[in-house]
1. Any chance you could give the angle, 0 to 90 degrees and rounded to 10, that helix 2-17 forms with the longest Cα principal axis of the chain?
2. What label, among [x] 1.30; [y] 1.04; [z] 1.17, belongs to Cα Rg over 2.2 N^0.38 Å computed from the structure on display?
3. Let me confirm the definition first: pairs of Lys residues in the chain, 8 or more apart or on different chains, C-alpha distance under 13 Å. How many are there?
4. Calculate the dipole size of region 20-73 relative to its Cα centre from +1 charges on Lys and Arg beta carbons and -1 charges on Asp and Glu beta carbons; express the result in debye to the nearest 20.
5. If I take R0 = 25 Å and measure r between the Cβ atoms of Ile75 and Phe218 in this structure, what FRET efficiency does the formula 1/(1 + (r/R0)^6) give, to the nearest 0.05?
6. Tell me the label-point distance for the pair Phe138, Trp157, using the 7 Å Cα-to-Cβ offset, in nm and rounded to one decimal.
7. Select from Gly29, Gly158, Gly51 the residue whose mean-square fluctuation is largest in a Gaussian network model of the chain (Cα-Cα springs shorter than 10 Å).
8. May I ask you to list the trypsin sites (Lys or Arg not before Pro) in region 71-175 that are in a DSSP loop and have at most 15 other Cβ atoms within 10 Å of their Cβ?
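FYI, it's all coordinate maths here, none of it is from the lab. What you are looking at is a predicted structure, and each value in this text was computed from that prediction instead of being measured. Neighbour counts are summed over all protein chains in view; Cβ atoms, including those assigned to glycine, are modelled from backbone coordinates with ideal geometry.
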Amino acid sequence: MKKTMTGLLAAAITAGMFGMTPAAAYDKGTFVARAGAAGVYPTGESDSFLGGNKVEADSAWSLGLSFTYMATDNIGVGLLGAWPFEHDIEGSKGALDGEKVGSTKHLPPTLTAQYHFDLANKKVHPFVGAGINYTHFFDEDTSGPLKGTDLDLDPSWGWALEAGLDYELDNNWIVGAQVFYINIETEADVKAGGTKVLNNLDVEINPWVYMVSVGRKF
């Protein structure tokens with residue numbers, strides 16, 4: 001899924017950029033709302049702790065929401081939102097390798113400035129963007145070897161990159177795909193009986209986020 005979506009987006013953008021008669025992108029003032037399936041695929045892990053252990057977050061899917069407002073014919077403001085994602089946390093190295101040690105939910109609102117390309121095919125609207133992400137973690141829980149302890153994950157601020165493609169089905173409805181790379185880094189505290197067992201453990205999540213959607217223009 002990840003490779004397929006990335007390849008399709010790259011191919012569509014590249015093909016469209018070689019169009020001989022560019023047409024305008026979305027008109028200034030256009031608002032696009034999208035909803036669909038969104039997947040978060042983390043690429044990072046925690047620092048080592050307690051004798052060489054490391055943990056990482058598993059991938060998760062949820063309902064994704066994406067919005068674009070066109071400030072000009074080519075420049076848009078994008079917002080990525082979602083129903084909360086829930087991730088299992090597993091050991092990736094050391095004695096905890098392969099063990100589920102916890103879970104967490106998070107919301108990752110992401111604001112981007114987008115550039116929409118002018119293409120010969122008026123139905124195809126590729127775009128790229130860059131911006132900022134805020135990730136809020138909640139409902140942290142522990143299990144397995146860490147069961148009975150309390151886990152707390154700090155909020156994260158970081159940068160974000162995106163590439164997307166909308167295809168117009170008619171004057172109002174579209175189908176689309178988006179790929180994001182988001183810098184998400186948090187610090188974890190683990191308490192046992194009110195005493196901190198782990199304090200300010202750095203955890204890199206840094207996920208690829210993939211979304212396929214149906215949308216409407218207004």
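1. 30
2. Computed from the coordinates, Cα Rg over 2.2 N^0.38 Å corresponds to [z].
3. 6
4. 200
5. After rounding to 0.05, the efficiency reads 0.90.
6. Computed distance between label sites Phe138 and Trp157 equals 2.1 nm.
7. It is Gly51.
8. Taking region 71-175 and a limit of 15 other Cβ atoms within 10 Å, the loop trypsin sites (Lys or Arg not before Pro) found are Lys122, Lys123, Lys147.
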